[in-house]
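Input: a single structure, listed below in C-alpha cells.
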Amino acid sequence: MNPVPRPAAASLVALCRALGLGGAPEQVLAAVDRVYRRVDAEVRRRTQGLGLPCRPGCDACCHEAVFVAAPEFLFVSAYLVENTTGQQRKAVVEAMSAVAGRFEDELCLLEALPPGTERDEVATRVRFRCPLLSASGQCSVYPARELNARTFGSTVDEHRDAPFGCELTHERLRVLPSSASRGLLGAREARRWLRDEVPGAGDVHVYPWWFSRFGAYLLPERAAEDEGCR
C-alpha cells in the first residue's frame with residue numbers, strides 16, 4: 001500500500017497529530033509496515049506444515065473486540081482513505097460509532113481497568129460484527145489489518161501458556177506434537193516488537209473507541225476542510 005496517498009495527505013497529518021503521533025504520518029506508517037512484515041514472515045515460517053485452521057475467508061475473530069494501538073489505527077485509516085470512497089468511510093465510522101454507543105458501559109470499564117485478565121473478560125462481552133467486514137465476510141482492510149488479526153490463530157499467549165486463537169486452533173494443536181505449540185511465535189512478543197519499534201504503540205483500545213473519537217478525520221467533509229488549509 002502507498003502509506004500516504006497524496007490527495008488525503010493533509011487529513012492524515014491532522015489525524016496523526018490528533019492521535020499524539022506527531023506530524024509525519026509517513027514515518028509512523030513505514031515503521032508499522034516494517035513490524036507487520038516481520039511478524040507475517042515469522043508466522044509463515046513457524047506455522048508452515050501445521051495445517052492451522054486460520055486462513056482467508058474465516059471471520060471467527062471478526063465478531064469480538066480487538067485491541068488496537070494508535071499507530072495501527074492510523075495504518076488502517078490510511079488504507080481506508082486510499083482505497084475507499086468518502087461515503088464508504090462514512091458508513092464505517094457511523095457503524096463503529098453505533099457499536100461504541102451500544103457498549104458504552106463496557107468501553108468505559110475497559111478504559112478504567114489495567115491490562116490483565118479482568119480487562120480481557122470485559123472485552124469478551126463486547127461482541128459485534130466488525131463493520132470492516134464486507135457483505136461477503138471478507139476483511140475490507142486485510143492488507144492493513146491490525147497486529148492481533150495477524151497473530152490470532154497462529155501464535156501462542158505466553159502468559160497463559162495457551163494458543164492465541166479460537167477453539168478450532170486449540171483443537172488442531174491438541175492433535176499435533178507439543179513441539180508445534182512451543183515453536184509458535186508469542187503473540188505478546190509480537191506486540192513488544194510493535195511497542196519497541198513504533199512510538200505511541202503502548203496504549204490499546206478497541207476499534208469502536210478509536211472510530212467514535214477520531215473517525216471524523218476520515219470523513220469527506222473533513223478531508224475537504226484539511227485540503228483547503230494546505
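When segment 74-95 is filtered for residues that are at pLDDT below 95 and hydroxyl-bearing (Ser, Thr, Tyr), the ones remaining, listed by number, are THR84, THR85. Counted as qualifying within segment 132-208 are the strands (runs of 3 or more DSSP E) with 2 or more residues that are free of Cβ contacts under 8 Å to residues at least 40 places away in the same chain and out of contact with any Leu (no Cβ under 6 Å at 6 or more places or on another chain), namely 162-164.
The values are calculated or read from the model by the stated rules, or taken from the named source; none is laboratory data. Everything numeric here is computed off the predicted structure, so don't read it as measured data. Quick reminder, even Gly has a Cβ in these numbers, built from the backbone with ideal geometry, and neighbours come from all protein chains shown.
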